[in-house]
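Below is one structure; the comments refer to it alone.
What follows is calculated from the coordinates using simple rules that are stated; it is not laboratory data. Note that the structure is predicted; figures quoted are calculated from it, not measured. When we count neighbours, we look across all protein chains shown, and the Cβ atoms used for this are built from the backbone with ideal geometry, even at glycine.
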């Protein structure tokens, strides 16, 4: 049956008509271009491939129908209860989420945090006064634990922001990740994997950053402030040449020497300090402690020690790891480094000491070998 034109004018409504000025009779509250109730991942997981794994698990879990059901005396399903709780689980959990989106939020937050709370934000009566009907549900982040209560951070849709509240444990559902020990512990397998992936991402960004890692040797000594400013001006000039060139070509003076490092030197153990080193160490060092070695000989000794220490057979009783240094034998056994002369060990160092301070061990071995060598020469006189 067709609706009369007058009836259509009386009952029809259009979202765009009368909304040109966005006028409302009441304040709308704070606004945001980013959805404020969206879960925020911890420890930078949003930048990792782990997020896609969490999302896949959460999608699979949310695709399973969860219903408020009535069971018989034997625990068998009889019927679905038409209740506000069932409506939250299947239709609309709150003002911003459907039932499926709510379950996905619960699983995603649980995998990331390790434990979350399902909070009934709206009920027909106070939950502490007896049985009640659950009308709205939200996911809460557990901030603090008390004997009978928990402190939670829950999105308040009335204020449009997250709010910290304290609720009894009996009125919320605390859901813990069943794989907490391997996913959420500080040194668990998953956390170690996340750290490794972050390192790989940093290496990829570094290798694709376009940095040249150049060292320019200028034909004058940079000791005064005027010389430093002149050197800085020269560096900026070369950078502008490279960035403004179509093929990345720049020119230097015939008295200048340019050295390109084959890799950036990784910072380790020391902070930002100023010290002296030499060109050989700048070209060959991998980590900053190697820059403080004094000679090429010390660098060669340090490299040989590192190859042996990081080898697969270092922890075996008869590893057979040994090499010659200045006519003496450097060997490894029982977690120690031995320096021997014709089978007699005259110096030893802990492997842990070398890992903590490689420069000190390298200089110690070289010093012991020099002293032993001097004793050899004296014995010949």
Taking 376, 294 and counting other beta carbon atoms within 10 angstrom, the fewest-first order is 376, 294
Footprinting proxy, 255, 123: sorted fewest to most Cβ within 10 Å, the residues are 255, 123
Please arrange 222, 118 by counting, for each residue, the other beta carbons lying within 10 Å of its beta carbon, fewest first. 222, 118
Which shape class applies to the stretch 26-182: rounded if a/c is under 1.5, otherwise prolate when a/b exceeds b/c and oblate if not, where a ≥ b ≥ c are the square roots of the Cα gyration tensor eigenvalues? rounded
